[in-house]
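A.B. asks: My questions all concern the structure below.
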Amino acid sequence: MLRDRLERDLERARARTCALTSVDDAELTQQHSPLMSPLVWDLAHIANQEERWLLREVAGHGSVRDGIDELYDAFLHPRAGRTALPLLGPDDARRYAEQVRDLSQKVLRSNNFDSELTRDGFVFSMIAQHEQQHDETMLATHQLRAGPPVLDAPEAPRETTRLERERVVIPAGEFEMGTSADPWALDNEKPAHRVHVPAFALDTVPVTNRQFTRFIEDGGYRRPDLWSVEGWGHRCEAGLEAPQFWHRDSDGLWWRRSFGREAPLHPDEPVVHVCFHEADAFARWAGARLPTEPEWEKAARWDPTTGRARRYPWGDDDPGPEHANLGQRHLGPAVVGAYPAGASPLGVHQLIGDVWEWTSSSFEPYPGFRAFPYREYSEVFFGGDFRVLRGGSFGTDQVACRGTFRNWDHPIRRQIFAGFRLAHDVSDSAEAPDV
Ligand SMILES: [Fe+2]
């Protein structure tokens, strides 16, 4: 059972990696943006990480390819300089990835899951999650590349349910944040700990393109009073005037470029490709604020009936296509209200999938944090200039998405599939709606 599940997760990741790297050699090896690696680097880095953990650490294998580890060490070479490295060429990188996978399948089939690294299949899931995280990064590279479209997918759902409420109150009280029990949780999600969250209200859906357009039309990008000092400095320096990939035609109509296709902006989709500073300025304009990380997680996991923290807003069941827009099933977010089956008991929709949601929190360890299995996954990023994002996007696979999963990025980044939702202060005696 466990073995089959892990095998499926690894296979799904590989099928996606292959699809994202099925482009001609020139496309694979060129730098589409200084923010991103050439796709051929991601491909061999995925294999190198798999080799390091599943073949060498778990099975004691020798090196599959000598002398390449250093090339694929993300900490030694900034993304912008990776095309200058003597990387494996496209055919060679594909062969290397296949070679490693053939061997790691054998390791998975024969492993007893009896070490700290392999217990409950942890390290195999970690490698599937790592590959899917790079697949999402490669998807962002595809969004940045110029030229005709190469990716295809059915349009995201356009049907919406009528939302009963615009916002709901999450009452004051403790909940269990993080997890000690989830066998595949990564180190920064652990351990579980009790957190008191004062009462607050949260919008039932993320901020939409329609709402964001009103902010632009009201001079949102020209009013320093709406921005933090740092945010305004960045807005001016980077010349921000609208979310990335938006442009306005001569009739004043907004268009959005998505994976090489231009389309009029859909007013009811969550806004995507905004940086933290844009989200923060919008929130101030709207008389609201961004949720903190504990607020976001309580809204996504806390079950008001039992008081228990669950894996997802809808419960503990794995995400299905009825719950959330995940896994690159579509190449963009669905309209708000498209996933009523994925709503939380209090009626908060689309916390999982569609767009990553910026929170106001910086990326810090939970009390009792222990780096595992390597410091470079999370620990080296704590205390840096990062804000936490939650919930996953249409480009996040379910293996790397749950109510406890933490993502982080610099507050100026907007090539990621990030949007946000608004939180509001309420009095501490405010009560939740009946559920
Ligand atoms: Fe990596």
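A.B. asks: Which one of the conditions (1) within 15 Å of the ligand (Cβ to nearest atom); (2) more than 23 Å from the chain's Cα centre (by Cα) does T141 fail to meet, given that it meets all the rest?
C.D. replies: (2)
A.B. asks: Tell me, yes or no, whether segment 390-401 has at least one residue that is crowded, with 18+ Cβ neighbours inside 10 Å, on the phi > 0 side of the Ramachandran plot and touching an Asp or Glu at 6+ places or on another chain (Cβ under 6 Å).
C.D. replies: Of segment 390-401, the ones crowded, with 18+ Cβ neighbours inside 10 Å are 390-401.
Those left that are additionally on the phi > 0 side of the Ramachandran plot: 391-392.
Restricting the remaining residues to those that are touching an Asp or Glu at 6+ places or on another chain (Cβ under 6 Å) gives 391.
Yes, there is a match, as at least one residue in segment 390-401 is crowded, with 18+ Cβ neighbours inside 10 Å, on the phi > 0 side of the Ramachandran plot and touching an Asp or Glu at 6+ places or on another chain (Cβ under 6 Å).
A.B. asks: Scan segment 266-273 and give yes if some residue there is crowded, with 22+ Cβ neighbours inside 10 Å, aliphatic (A, V, I, L, M) and within 24 Å of D385 (Cβ to Cβ), otherwise no. Steps first, answer last, please.
C.D. replies: Restricting attention to segment 266-273, the residues satisfying the condition of being crowded, with 22+ Cβ neighbours inside 10 Å are 269-273.
Subsequent filtering for residues that are aliphatic (A, V, I, L, M) retains 271-272.
Add one more test, that the residue is within 24 Å of D385 (Cβ to Cβ), and what stays is 271-272.
The answer is yes; a qualifying residue exists.
A.B. asks: Within the set of pairs 6+ apart or on separate chains, which have a first residue in segment 66-79 that is of a type in the set (F, W, Y), a second that is outside any helix (DSSP H, G or I), and C-beta atoms under 8 Å apart?
C.D. replies: So the pair list comes out as F75/E376.
A.B. asks: For segment 105-113, indicate whether the set of residues that are within 15 Å of the ligand (Cβ to nearest atom) and among the polar types (S, T, N, Q) is non-empty. Don't jump to the end; show me each part of the working.
C.D. replies: So in segment 105-113, the residues within 15 Å of the ligand (Cβ to nearest atom) come out as none.
Checking segment 105-113: not a single residue is within 15 Å of the ligand (Cβ to nearest atom) and among the polar types (S, T, N, Q).
A.B. asks: Taking only segment 199-218 into account, find how many residues are of a type outside the set (K, R) and in contact with a helix residue (DSSP H, G or I) (Cβ under 9 Å, 6 or more places away or on another chain).
C.D. replies: From segment 199-218, those of a type outside the set (K, R) are 199-209, 211-213, 215-218; that's our starting set.
Checking which are in contact with a helix residue (DSSP H, G or I) (Cβ under 9 Å, 6 or more places away or on another chain) leaves us with 200, 202, 207, 211-212, 215, 218.
Result for segment 199-218: 7.
A.B. asks: Then there is this: Among the residues of segment 57-76, how many are part of a helix (DSSP H, G or I) and more than 16 Å from the ligand (Cβ to nearest atom)? Break it down stepwise before answering.
C.D. replies: Let us first name the residues in segment 57-76 that are part of a helix (DSSP H, G or I), namely 57-58, 69-72.
Retained after the next criterion (residues that are more than 16 Å from the ligand (Cβ to nearest atom)): 58.
Total meeting the criteria: 1.
A.B. asks: Out of (1) within 16 Å of the ligand (Cβ to nearest atom); (2) surrounded by 15 or more Cβ atoms within 10 Å (Cβ to Cβ); (3) in a loop (DSSP other than H, G, I, E, B), the odd one out for H45 is which?
C.D. replies: Among (1) within 16 Å of the ligand (Cβ to nearest atom); (2) surrounded by 15 or more Cβ atoms within 10 Å (Cβ to Cβ); (3) in a loop (DSSP other than H, G, I, E, B), the lone unmet condition for H45 is (3).
A.B. asks: A follow-up question, please. Quickly run through segment 114-138 and pick out the residues that are away from the ligand (no atom under 16 Å from the Cβ) and among the β-branched types (V, I, T).
C.D. replies: If the condition is that a residue be away from the ligand (no atom under 16 Å from the Cβ) and among the β-branched types (V, I, T), then T118 is the only one that fits.
A.B. asks: Here is a list: S228, S258, S250, S180. Which entry is surrounded by fewer than 21 Cβ atoms within 10 Å (Cβ to Cβ), closer than 30 Å to F122 by Cβ and at pLDDT 95 or above? Walk me through how you get there before you give the answer.
C.D. replies: On the way: S228 fails: closer than 30 Å to F122 by Cβ; S258 fails: closer than 30 Å to F122 by Cβ; S250 fails: closer than 30 Å to F122 by Cβ.
So the residue among S228, S258, S250, S180 that is surrounded by fewer than 21 Cβ atoms within 10 Å (Cβ to Cβ), closer than 30 Å to F122 by Cβ and at pLDDT 95 or above is S180.
A.B. asks: Would you say R79 is outside the structural domain of P333 (by TED's automatic domain parsing), out of contact with any helix residue (DSSP H, G or I) (no Cβ under 7 Å at 6 or more places or on another chain) and within 16 Å of the ligand (Cβ to nearest atom)?
C.D. replies: Values: outside the structural domain of P333 (by TED's automatic domain parsing): yes; out of contact with any helix residue (DSSP H, G or I) (no Cβ under 7 Å at 6 or more places or on another chain): yes; within 16 Å of the ligand (Cβ to nearest atom): yes.
For R79, the condition - outside the structural domain of P333 (by TED's automatic domain parsing), out of contact with any helix residue (DSSP H, G or I) (no Cβ under 7 Å at 6 or more places or on another chain) and within 16 Å of the ligand (Cβ to nearest atom) - is met.
A.B. asks: Another one. Looking at segment 21-42, which of its residues are within 15 Å of the ligand (Cβ to nearest atom) and assigned to a helix (DSSP H, G or I)?
C.D. replies: Of everything in segment 21-42, those that are within 15 Å of the ligand (Cβ to nearest atom) and assigned to a helix (DSSP H, G or I) turn out to be L39, V40, W41, D42.
A.B. asks: Just one of the numbered conditions (1) within 23 Å of the chain's Cα centre (by Cα); (2) hydroxyl-bearing (S, T, Y); (3) more than 24 Å from E159 (Cα to Cα) is not true of S258; which one?
C.D. replies: (3)
A.B. asks: Since L87 meets every condition but one in (1) within 16 Å of the ligand (Cβ to nearest atom); (2) modelled with pLDDT of 95 or more; (3) part of a loop (DSSP other than H, G, I, E, B), which condition does it not meet?
C.D. replies: With (1) within 16 Å of the ligand (Cβ to nearest atom); (2) modelled with pLDDT of 95 or more; (3) part of a loop (DSSP other than H, G, I, E, B) applied to L87, the lone miss is (2).
A.B. asks: Looking at (1) free of Cβ contacts under 8 Å to residues at least 12 places away in the same chain; (2) touching a Gly at 6+ places or on another chain (Cβ under 9 Å), find the lone condition where D316 falls short.
C.D. replies: Of the numbered conditions (1) free of Cβ contacts under 8 Å to residues at least 12 places away in the same chain; (2) touching a Gly at 6+ places or on another chain (Cβ under 9 Å), the odd one out for D316 is (2).
A.B. asks: Taking the criterion of being of a type in the set (V, I, T), in contact with an Asp or Glu (Cβ under 7 Å, 6 or more places away or on another chain) and touching a residue at least 40 places away in the same chain (Cβ under 8 Å), would at least one residue in segment 112-120 satisfy it?
C.D. replies: Looking for residues that are of a type in the set (V, I, T), in contact with an Asp or Glu (Cβ under 7 Å, 6 or more places away or on another chain) and touching a residue at least 40 places away in the same chain (Cβ under 8 Å), one finds none in segment 112-120, hence no.
A.B. asks: What tally of residues in segment 154-168 results from selecting those that are among the acidic types (D, E) and touching a Ser or Thr at 6+ places or on another chain (Cβ under 9 Å)? Spell out the reasoning first.
C.D. replies: As a first pass, look at segment 154-168 and keep what is among the acidic types (D, E): 155, 159, 164, 166.
From what's left, touching a Ser or Thr at 6+ places or on another chain (Cβ under 9 Å): 164, 166.
Residues meeting the conditions: 2.
A.B. asks: Among the residues of segment 163-177, which ones are in a loop (DSSP other than H, G, I, E, B) and either within 21 Å of the chain's Cα centre (by Cα) or at pLDDT below 95 (or both)?
C.D. replies: At the first step, the residues of segment 163-177 found to be in a loop (DSSP other than H, G, I, E, B) are 163-166, 171-172.
Scanning segment 163-177 gives L163, E164, R165.
A.B. asks: Oh, and also: Can you name the number of the only condition in (1) closer than 17 Å to F124 by Cα; (2) crowded, with 21+ Cβ neighbours inside 10 Å that M1 fails?
C.D. replies: (2)
A.B. asks: Same structure, new question: Would you confirm, using the coordinates I've provided, whether P191 is touching a Gly at 6+ places or on another chain (Cβ under 7 Å) and in contact (Cβ under 8 Å) with a residue 40 or more places away in the chain? Walk me through it before giving the result.
C.D. replies: Working: touching a Gly at 6+ places or on another chain (Cβ under 7 Å): yes; in contact (Cβ under 8 Å) with a residue 40 or more places away in the chain: yes.
Yes.
A.B. asks: Turning to a different aspect of this structure: Of all residues in segment 305-315, which are of a type outside the set (V, I, T) and either surrounded by 17 or more Cβ atoms within 10 Å (Cβ to Cβ) or farther than 19 Å from H193 by Cα (or both)?
C.D. replies: Let us first name the residues in segment 305-315 that are of a type outside the set (V, I, T), namely 307-315.
A309, R310, R311, Y312, P313, W314, G315, listed by residue number.
A.B. asks: With the checklist (1) under 30 Å from G368 (Cβ atoms); (2) under 23 Å from the mean Cα position of the chain (by Cα) in hand, flag the one item P243 doesn't pass.
C.D. replies: Checking P243 against (1) under 30 Å from G368 (Cβ atoms); (2) under 23 Å from the mean Cα position of the chain (by Cα), the one that fails is (1).
A.B. asks: So which of V123, V100 ends up being surrounded by 17 or more Cβ atoms within 10 Å (Cβ to Cβ) and free of Cβ contacts under 8 Å to residues at least 60 places away in the same chain?
C.D. replies: On the way: V123 fails: free of Cβ contacts under 8 Å to residues at least 60 places away in the same chain.
The conditions single out V100.
The values are calculated or read from the model by the stated rules, or taken from the named source; none is laboratory data. In this text the structure is predicted, and so the values were computed from the model without any measurement. Backbone-built Cβ (ideal geometry, glycine too); neighbour counts: all protein chains shown.
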